[in-house]
1. Quick check on my filter: what residues within region 88-103 are out of contact with any helix residue (DSSP H, G or I) (no Cβ under 7 Å at 6 or more places or on another chain), closer than 9 Å to residue 117 by Cα and not in a helix (DSSP H, G or I)?
2. What number of residues within region 43-74 satisfy the criterion of being assigned to a loop (DSSP other than H, G, I, E, B) and hydrophobic (A, V, I, L, M, F, W, C)?
3. Do any residues in region 69-80 that are under 19 Å from residue 91 (Cβ atoms) have Cβ atoms under 9 Å from those of residues that are among the aliphatic types (A, V, I, L, M) and open to solvent by 80 Å² or more (accessible area, probe 1.4 Å), where the two are at least six apart or on different chains, and which pairs are they?
4. Among the residues of region 104-124, write down those that are in a helix (DSSP H, G or I) and open to solvent by 70 Å² or more (accessible area, probe 1.4 Å).
Amino acid sequence: MRLAIEWVPFLQYSHKGPKVFLSRLADSIRRQKLCRVRSPLTPDYDIALFAYNDKSLFQKPYVIRVDGIFFDANNTVGNSDALNRTIFQGIENASGVVFVSEFSRNIVEKFYKKPSVPTTIIHNKVPIDLFTPVGENMRSRIGIPSNS
């Protein structure tokens, strides 16, 4: 099987949000030799994974990763309804949905509807060995051992 993942091959240059998730997923798939990972910019794939909306150029099946929706009464970043329509359309046309949390799934179901396709939750996780806090180490204050 050939899996296209959004932003491949440029994922290794990003250190933010959905791109980090997709980079880790692509690396894991490659390490385990589960399938070939490709770019969705060429038609040589069977299914794609997109970060939050449909970017399929070739009308191939895809899975969408959803971390939430826009919920800004003042529309400070853009029109929330228009931005959410893009996400909801992506969900509607997807073959499956990956939510980053139960909260993400619940908010989509409350403000849109329950997806009619298979869904799963894959939590985001900050790898402790890569995380470097700025300032005082606050782990002991919240009960996390300093060596974790």
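1. 94, 95, 96
2. Keep residues of region 43-74 that are assigned to a loop (DSSP other than H, G, I, E, B), which gives 43-46, 51-61, 67-74.
Then drop every residue that is not hydrophobic (A, V, I, L, M, F, W, C), which leaves 51, 57-58, 69-71, 73.
So the answer is 7.
3. From region 69-80, the pairs are 70/77; 80/73.
4. At the first step, the residues of region 104-124 found to be in a helix (DSSP H, G or I) are 104-111.
Across region 104-124, the qualifying residues are 106, 110, 111.
The values are calculated or read from the model by the stated rules, or taken from the named source; none is laboratory data. Predicted model only: the values in this text are computed from it and were never measured. Positions of Cβ are backbone-derived with ideal geometry, glycine not excepted, and every protein chain shown enters the neighbour counts. We work out accessible area using only protein heavy atoms, side chains counted, and drop any ligands, DNA or RNA first. Shrake-Rupley method; radii C 1.70, N 1.55, O 1.52, S 1.80 Å.
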